[in-house]
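**Q** Structure incoming, see below.
The values are calculated or read from the model by the stated rules, or taken from the named source; none is laboratory data. Everything numeric in this text was worked out from a predicted model, so none of it was measured. Methodologically, a virtual Cβ is constructed for each residue, glycine included, from the backbone with ideal geometry; neighbour enumeration extends over all protein chains shown.
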């Protein structure tokens with residue numbers, strides 16, 4: 001028996017929650033990576049398995065959620081669509097890449113165009129920019145064809161231009177979301193037993209990833225299919241989540257958390273090394289809490305720091321508290 005359809009009024013809340021969860025998993029992943037770098041051990045037993053479980057889902061989920069909202073974005077006039085994505089995605093990509101180059105002292109990298117494509121922590125935004133640039137074609141070409149086109153290019157030229165692999169591998173998840181947007185009510189009304197089967201397959205993929213048995217890797221194009229059952233299950237289960245204000249808040253301000261967190265972690269790591277502090281096993285927790293608090297501060301005071309996360313609009317943004325009045329409330333600064 002099909003489960004009752006999810007009411008449209010709750011749709012944005014669950015999407016915010018899933019986006020917020022994925023963003024916090026990104027923060028945890030990089031906190032563990034910084035811990036490994038500080039300790040010099042090369043591994044973080046226990047933590048590696050936790051982050052490994054979610055490896056197949058963190059970034060694909062963020063891209064799929066952005067793709068789900070593509071029809072809404074394309075409903076705008078093309079000029080508004082282009083300028084909006086430029087202000088809200090291209091600007092923070094450029095600004096925070098420059099900030100990170102400076103923090104890392106990598107001026108040579110800043111002068112290398114290919115490093116901008118696949119040599120910064122902002123690579124996810126590079127994928128989004130390319131996907132949104134190609135997305136108007138979906139008015140004539142089905143989104144699923146676009147996804148296959150990305151994979152076809154990956155298979156044919158990926159080995160020749162390594163810097164493009166990440167775009168071509170992860171881009172299909174964006175267009176998967178755009179494809180599923182039409183079918184979302186049916187997916188979320190699917191029988192519980194079917195969603196459970198997909199969920200169990202997704203858990204098995206996560207366990208395999210944590211154990212090192214499987215990997216979702218841009219160098220192995222066929223592995224792009226591994227996250228699909230789990231992602232579909234998350235769409236079903238996610239829509240049945242209760243209201244989760246913390247995750248919703250992070251999801252609504254996902255751009256702030258994403259672009260700022262790596263710079264904060266790099267600065268913390270430099271301070272940690274300079275102070276000569278020890279690196280206990282709980283270091284990932286400390287790093288995660290501190291970077292989350294710093295990002296939450298920026299998000300809470302986003303009006304004052306708005307130029308860091310969107311290209312200044314002018315008087316309109318000031319009068320509306322930093323929010324574009326044409327954007328639905330509670331979506332400001334999320335990555336779509």
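**Q** Taking residue 229 as the residue in question, decide whether it is in contact with a strand residue (DSSP E or B) (Cβ under 9 Å, 6 or more places away or on another chain), over 14 Å from residue 53 (Cα atoms) and at pLDDT 95 or above.
**A** On the way: in contact with a strand residue (DSSP E or B) (Cβ under 9 Å, 6 or more places away or on another chain): no; over 14 Å from residue 53 (Cα atoms): yes; at pLDDT 95 or above: yes.
No; evaluated as a whole, the condition is false for this residue.
**Q** On to the next question. Conditions: (1) under 21 Å from the mean Cα position of the chain (by Cα); (2) touching a residue at least 24 places away in the same chain (Cβ under 8 Å); (3) in a helix (DSSP H, G or I); (4) under 30 Å from residue 34 (Cα atoms). Residue 150 meets all but one. Number of the miss?
**A** (4)
**Q** Look at the stretch 192-216 and say how many of its residues are free of Cβ contacts under 8 Å to residues at least 12 places away in the same chain and in contact with a helix residue (DSSP H, G or I) (Cβ under 7 Å, 6 or more places away or on another chain).
**A** 0
**Q** Oh, and also: If you go through the stretch 86-94 one residue at a time, do you hit one that is part of a helix (DSSP H, G or I), under 22 Å from the mean Cα position of the chain (by Cα), free of Cβ contacts under 8 Å to residues at least 60 places away in the same chain and surrounded by fewer than 17 Cβ atoms within 10 Å (Cβ to Cβ)?
**A** Yes, that holds for at least one residue.
**Q** Follow-up question, since we're still on this one. Consider residue 62 carefully, then state whether it is in contact (Cβ under 8 Å) with a residue 24 or more places away in the chain, buried (at least 21 other Cβ atoms within 10 Å of the Cβ) and within 29 Å of residue 212 (Cβ to Cβ).
**A** Numbers: in contact (Cβ under 8 Å) with a residue 24 or more places away in the chain: yes; buried (at least 21 other Cβ atoms within 10 Å of the Cβ): yes; within 29 Å of residue 212 (Cβ to Cβ): yes.
So residue 62 passes the test.
**Q** Of these, 115, 120, 138, which one is in contact with a helix residue (DSSP H, G or I) (Cβ under 7 Å, 6 or more places away or on another chain), under 20 Å from residue 166 (Cα atoms) and in a helix (DSSP H, G or I)? Before the answer, list the steps.
**A** Details: 120 fails: in a helix (DSSP H, G or I); 138 fails: under 20 Å from residue 166 (Cα atoms).
Answer to the selection: 115.
**Q** May I ask you to say which residue of 218, 240 is modelled with pLDDT under 95, farther than 19 Å from residue 169 by Cβ and in a loop (DSSP other than H, G, I, E, B)?
**A** Working: 218 fails: farther than 19 Å from residue 169 by Cβ.
Going through 218, 240 in turn, just one is modelled with pLDDT under 95, farther than 19 Å from residue 169 by Cβ and in a loop (DSSP other than H, G, I, E, B): 240.
**Q** Could you identify the single residue in 331, 323, 304 that is assigned to a loop (DSSP other than H, G, I, E, B), buried (at least 17 other Cβ atoms within 10 Å of the Cβ), out of contact with any helix residue (DSSP H, G or I) (no Cβ under 7 Å at 6 or more places or on another chain) and at pLDDT below 95? Talk me through it step by step, then tell me what you get.
**A** Working: 331 fails: out of contact with any helix residue (DSSP H, G or I) (no Cβ under 7 Å at 6 or more places or on another chain); 304 fails: buried (at least 17 other Cβ atoms within 10 Å of the Cβ).
After ruling out the rest, the residue left standing is 323.
Quick grid of which residues meet (1) farther than 13 Å from residue 32 by Cα; (2) loosely packed, with under 12 Cβ neighbours inside 10 Å; (3) without any contact (Cβ under 8 Å) to a residue 24 or more places away in the chain:
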position	(1), (2), (3)
262	no, no, no
265	no, no, no
276	yes, yes, yes
279	no, no, no
282	no, yes, yes
286	no, no, yes
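**Q** Here's a follow-up. Identify all residues within the stretch 65-74 that are surrounded by fewer than 20 Cβ atoms within 10 Å (Cβ to Cβ), assigned to a helix (DSSP H, G or I) and touching a residue at least 60 places away in the same chain (Cβ under 8 Å); write none if there are none.
**A** Our first condition is that a residue be surrounded by fewer than 20 Cβ atoms within 10 Å (Cβ to Cβ); within the stretch 65-74, this holds for 69, 71-74.
Next cut, assigned to a helix (DSSP H, G or I) only: 71-74.
Residues satisfying the conditions are 71, 73, 74.
**Q** Condition (residue is without any contact (Cβ under 8 Å) to a residue 60 or more places away in the chain, under 30 Å from residue 181 (Cβ atoms) and assigned to a loop (DSSP other than H, G, I, E, B)) applied to the stretch 251-259: is it met by at least one residue?
**A** Taking the stretch 251-259 and keeping what is without any contact (Cβ under 8 Å) to a residue 60 or more places away in the chain, we get none.
The answer is no, given that none of the residues of the stretch 251-259 is without any contact (Cβ under 8 Å) to a residue 60 or more places away in the chain, under 30 Å from residue 181 (Cβ atoms) and assigned to a loop (DSSP other than H, G, I, E, B).
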